[in-house]
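Taking it in order: structure first as structure tokens, then the write-up.
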Amino acid sequence: MITLQLKPKEHHRIAQGHLWVFRDELVTTPDLPAGTAVNVVTHEGLSLGTGLYNKLSKITVRMLGTTETNIDTKFFVERIRAAQALREQFLPNEEGYRVLFGESDLMSGLIIDRYRNTMVIQMLSAGMDVRKAEIIEAIQTVFPEVTGIVEKNQIATRKKEGLELVDGVVWGTVPETVQFTENGIKISVDLVTGQKTGYFLDQKINRQTAAAYSKNKRVLDCFCNVGGFALNAAAAGATLAVGIDSSEIAVANARKNAELNRLSNCEFIKANVFDYLREQAEAGETWDMVILDPPSFAKSRTAIRGAVGGYAELNRTAMKLLRPGGILITASCTQLVPEHDLMDIVYRESARLRVRLRLMHRGGQSPDHPVLLSMPETHYLKFLVFSVM
């Protein structure tokens, strides 16, 4: 195995458990095939473990947290089994969940989601992409009941790794839509042409929390996708749950999910959320609960300022719609905007409007999206529930 040496004093972060080695931290970046397994050592020659190399990527080595030298099907079987055992412990009997969450399962660049007997894989690094065949074989070994595997590799991160953007069925058969149950709600998703890996599984527990506040309330679910929060609110007894999304496909699928669950107190509207909230405020409309679950507003540090402005406008306008005693639920999946910054944004906007808020609950990503403590990058989802005094 080829050994790559770090520059002086560049080993501390890796030795403490971070899994990314950047190009400018290495003494040399040799011409090796993308995905080559390498041994990373300190400048003094102490081994820090094995990683997967890609000269084209700024993250030049993705560590595997191991001294394993043979990254084969057996290796993937062992890692996937360990990840599955953790999910069975914290989320037993789930039909839809994240089986493996990249760095948090010491598998940088690999995502595996399960929807009953269909699996979705996403490979964000060249090291995982060149081992697609071994990953597929390992999934079949660990989950013999699985009937189909889809790859969802249209994410822009792959371009930085020199990889093509591709989607499609890579093994077995996959139906046009796959149905699974979450929190007692039937969800139908299109795994081949739908967004992300099919569904936003990381909000599983938070949807339960929102449902607990929803009984006898008029609920507005912003950025509803295929209906997650609105469906849970309607099933929990909301007088009316309205979901808003700019995607016509998402809204159509949300309506199908409402029909699937026979929820007549649930409606979905195609609209730009920012415009819709402003129009509602100008019309003097009020709601008992507003849920804000927008997509990430910043993928790089240069976009943070714009993200902060977006969150400020969303929360400010949402507060204008809430009656006294109403509930504001605000979430952020922007990793570069930590919870204390989101809290500051909400506080500043509430002060501008002279609205008094009480923090009732704070949450994060579901247990199938665990946080690796040595990698703050794995902690991205914030979920805050406020009551208007």
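Can you tell me how many residues within region 34-82 are in contact (Cβ under 8 Å) with a residue 60 or more places away in the chain, part of a loop (DSSP other than H, G, I, E, B) and not polar (S, T, N, Q)?
6
List the number of the failed condition for residue 179; all other conditions in (1) assigned to a helix (DSSP H, G or I); (2) surrounded by fewer than 24 Cβ atoms within 10 Å (Cβ to Cβ); (3) in contact (Cβ under 8 Å) with a residue 60 or more places away in the chain; (4) touching a Lys or Arg at 6+ places or on another chain (Cβ under 8 Å) hold.
Tallying (1) assigned to a helix (DSSP H, G or I); (2) surrounded by fewer than 24 Cβ atoms within 10 Å (Cβ to Cβ); (3) in contact (Cβ under 8 Å) with a residue 60 or more places away in the chain; (4) touching a Lys or Arg at 6+ places or on another chain (Cβ under 8 Å), residue 179 fails exactly one: (1).
Could you pull out the residue among 111, 121, 136 that is more than 28 Å from residue 183 (Cα to Cα), surrounded by fewer than 24 Cβ atoms within 10 Å (Cβ to Cβ) and not hydroxyl-bearing (Ser, Thr, Tyr)?
Of the residues listed, the single one that is more than 28 Å from residue 183 (Cα to Cα), surrounded by fewer than 24 Cβ atoms within 10 Å (Cβ to Cβ) and not hydroxyl-bearing (Ser, Thr, Tyr) is 136.
Quick one: which of 235, 210, 271, 281 is assigned by TED's automatic domain parsing to the domain that holds residue 332, surrounded by 23 or more Cβ atoms within 10 Å (Cβ to Cβ), of a type in the set (Gly, Ala, Ser) and farther than 26 Å from residue 112 by Cβ?
The unique qualifying residue is 210.
Does any residue of region 342-354 turn out to be in the same structural domain as residue 209 (by TED's automatic domain parsing), touching a residue at least 60 places away in the same chain (Cβ under 8 Å) and closer than 21 Å to residue 207 by Cβ?
no
Determine which single condition residue 355 fails, assuming it passes every other condition in (1) touching a His at 6+ places or on another chain (Cβ under 8 Å); (2) buried (at least 18 other Cβ atoms within 10 Å of the Cβ); (3) not aromatic (Phe, Trp, Tyr).
Condition not satisfied by residue 355: (1).
Looking for something touching a residue at least 12 places away in the same chain (Cβ under 8 Å), within 21 Å of residue 83 (Cα to Cα) and of a type in the set (Asp, Glu) - is there at least one such residue anywhere in region 152-161?
Checked against the condition, which is being touching a residue at least 12 places away in the same chain (Cβ under 8 Å), within 21 Å of residue 83 (Cα to Cα) and of a type in the set (Asp, Glu), region 152-161 yields no hits at all.
Would you be able to say whether some residue in region 90-106 is part of a helix (DSSP H, G or I), surrounded by fewer than 21 Cβ atoms within 10 Å (Cβ to Cβ) and in contact (Cβ under 8 Å) with a residue 24 or more places away in the chain?
yes
Among the candidates 370, 295, single out the residue that is in a loop (DSSP other than H, G, I, E, B), under 24 Å from the mean Cα position of the chain (by Cα) and farther than 23 Å from residue 219 by Cβ.
The unique qualifying residue is 370.
Looking at (1) touching a residue at least 40 places away in the same chain (Cβ under 8 Å); (2) at negative phi, which is the only condition residue 207 fails?
Against the list (1) touching a residue at least 40 places away in the same chain (Cβ under 8 Å); (2) at negative phi, residue 207 comes up short only on (1).
Suppose the filter is at pLDDT 95 or above, assigned to a strand (DSSP E or B) and touching a strand residue (DSSP E or B) at 6+ places or on another chain (Cβ under 9 Å); does residue 204 pass it?
So residue 204 fails the test.
Check off (1) over 21 Å from residue 105 (Cα atoms); (2) outside any helix (DSSP H, G or I) for residue 159 and give me the number that stays unchecked.
Status for residue 159: all satisfied but (2).
Looking only at region 238-248, count how many residues are surrounded by fewer than 21 Cβ atoms within 10 Å (Cβ to Cβ) and within 20 Å of the chain's Cα centre (by Cα).
Within region 238-248, residues that are surrounded by fewer than 21 Cβ atoms within 10 Å (Cβ to Cβ) and within 20 Å of the chain's Cα centre (by Cα) number 2.
Only one residue in 279, 259, 285 is modelled with pLDDT of 95 or more, more than 24 Å from the chain's Cα centre (by Cα) and part of a loop (DSSP other than H, G, I, E, B). Which one?
285
Which residue, of 88, 68, is closer than 30 Å to residue 118 by Cβ and assigned by TED's automatic domain parsing to the domain that holds residue 129?
Among 88, 68, only 88 is closer than 30 Å to residue 118 by Cβ and assigned by TED's automatic domain parsing to the domain that holds residue 129.
The values are calculated or read from the model by the stated rules, or taken from the named source; none is laboratory data. Predicted, not measured: the structure shown is a model, and the values here were computed from it. Here the Cβ is made from the backbone with ideal geometry for all residues, glycine too, and neighbour counts use every protein chain on show.
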